[in-house]
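Enquirer: Got a structure for you, written out below as structure tokens; questions coming shortly.
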Amino acid sequence: MHFKSLCNKAIPNNSINIDLPNGTPPPTNEKPPEPVTLKIDAQGKLFWNGQAVANKQALETLFAGVAQQADQDTIKVQPDKMTEYKDVAMVMAAAQRLNVKKIGVSANQ
């Protein structure tokens, strides 16, 4: 068979017709939730959105509440520049152990 005869043969059409929506999606009035701010001061004291956290067990209760949410709140850990590493590590380890998915550490300006 010659190349010319191959080019003249009909090519099967395996396309699928899909009806796609037209226009723009409806606007949502919902704002994304504000992230939870977890500050750690130089002495290792914790503050959840400005409220003092009494102890490690209280922090774990807060983390457990976040972990139960289908769409977890974002937690921003903000250690003071004089905070000891062990205090930040304790917070991150507790979050990981309790299955908190959206957490990050941000540096103070």
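Enquirer: From the set of residues in the stretch 24-48 that are in contact (Cβ under 8 Å) with a residue 12 or more places away in the chain and exposed (fewer than 13 other Cβ atoms within 10 Å of the Cβ), which is farthest from the chain's Cα centre (by Cα)?
Expert: We begin by selecting, within the stretch 24-48, every residue in contact (Cβ under 8 Å) with a residue 12 or more places away in the chain; these are 33, 35-42, 44, 46, 48.
Going one step further and asking which of them are exposed (fewer than 13 other Cβ atoms within 10 Å of the Cβ), we end up with 33, 42.
On the way: P33: 11, A42: 27 Å.
My answer is A42.
Enquirer: Of the numbered conditions (1) hydrophobic (A, V, I, L, M, F, W, C); (2) at pLDDT 95 or above; (3) part of a loop (DSSP other than H, G, I, E, B), I11 fails exactly one; give the number of that condition.
Expert: (2)
Enquirer: Also, quick follow-up: Looking only at the stretch 51-93, count how many residues are part of a strand (DSSP E or B) and of a type in the set (G, A, S).
Expert: 1
Enquirer: Right, next: For the stretch 70-91: of the residues being hydrophobic (A, V, I, L, M, F, W, C) and exposed (fewer than 15 other Cβ atoms within 10 Å of the Cβ), which is nearest to E34 (Cα to Cα)? Give the derivation first.
Expert: Filtering the stretch 70-91 down to residues hydrophobic (A, V, I, L, M, F, W, C) leaves 70, 75, 77, 82, 88-91.
Subsequent filtering for residues that are exposed (fewer than 15 other Cβ atoms within 10 Å of the Cβ) retains 70, 82, 89.
Values: A70: 16, M82: 26, A89: 24 Å.
Only one residue fits best here, namely A70.
Enquirer: Tell me which of these N55 doesn't satisfy, since it passes every other one: (1) among the polar types (S, T, N, Q); (2) at pLDDT below 95; (3) out of contact with any helix residue (DSSP H, G or I) (no Cβ under 8 Å at 6 or more places or on another chain).
Expert: (2) is the only condition that N55 fails.
The values are calculated or read from the model by the stated rules, or taken from the named source; none is laboratory data. Here the structure is a predicted model, which means the values were calculated and not measured. Positions of Cβ are generated from backbone atoms using ideal geometry, with glycine treated the same way; all protein chains shown enter the neighbour counts.
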